[in-house]
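Please treat every number below as a calculation from the coordinates, not as lab data. No experiment lies behind these values; they were computed from the predicted model shown.
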Amino acid sequence: MNMGRLIKNETKRYLEEQLKSQQYAGSMLFIGQKGTGKYQTALNFGRALLCQDDMTLTPCEKCSECLATSKLNHPDLIVINSEELIKITEIRELQKKLYLKPFRASHKITIINNAEKITEEAANSFLKILEEPPQDSILILIAPEKKSMLETIVSRCQVVSFGSRGEDILGTGISDDLREAIEEKNLIKLFKVAEIESKTPDTTKRILAELEVFFRNLLRQKFTENKESMKNFSEKSIIKTLEGISESLQYLENNVNRRFLLENLFINYMVEK
């Protein structure tokens with residue numbers, strides 16, 4: 001099996017699902033070795049989101065939005081692509097732009113290539129953006145590996161792996177505590193961790209999105225990998241949990257109590273076990 005192709009297909013499918021559902025991860029971190037298409041994929045995703053045609057990862061290249069984004073001359077597409085250090089002055093300027101409403105589109109998209117070059121001072125400033133994300137903004141950071149970034153930044157991003165070794169075809173920024181609770185099937189711990197991390201509707205949405213990717217990976221692994229650890233998860237429980245996450249995201253838009261949503265989701269998961 002061509003692992004590079006599998007990574008590309010899984011990533012494409014994940015991003016296109018966002019475009020079709022219009023349920024976007026507010027912040028993503030694309031990681032992988034040089035030449036794996038991280039920057040071009042991020043750019044295609046941003047351009048496709050602004051495109052007036054169908055929501056796929058292939059911009060139509062005909063509409064006025066595509067003509068503008070092809071020249072990186074669209075007011076709602078911000079691209080920082082430099083080999084130099086990214087300093088705090090650039091992040092502060094970015095912050096000013098992000099807190100303005102989108103000019104023409106539904107969202108404002110920011111792509112930061114070589115994000116590992118963000119200085120420590122600039123990274124701390126950028127962290128404030130992630131902690132209080134501007135409404136209708138999508139942030140995509142691109143770096144060679146997670147350890148090249150501040151852990152506090154990584155934990156607040158949906159991590160999409162383009163790595164050539166195929167260790168994680170599609171990773172997430174899900175916390176170690178939450179992942180451990182899921183794998184242990186520890187309902188009490190699972191609920192407590194999720195409740196602690198779901199401080200706002202935005203963070204709840206991010207956690208639900210991360211859980212969705214986590215369980216999609218489990219479902220894929222059930223069919224493609226013969227791992228002893230996969231025996232701890234039934235196909236039925238995974239599918240029911242994915243359905244529950246999708247419903248929870250819809251209810252969240254209607255301001256349903258976050259505690260109730262999480263409690264209901266995890267109880268249903270444990271019942272299916």
* Counting only C-alpha contacts under 8 Å and six or more residues apart, can you give the relative contact order of region 3-161 as a whole percent? => 32 percent
* Report, please, the projected area of region 40-151 averaged over directions, based on the convex hull of its C-alpha atoms, in nm². => 6.9 nm²
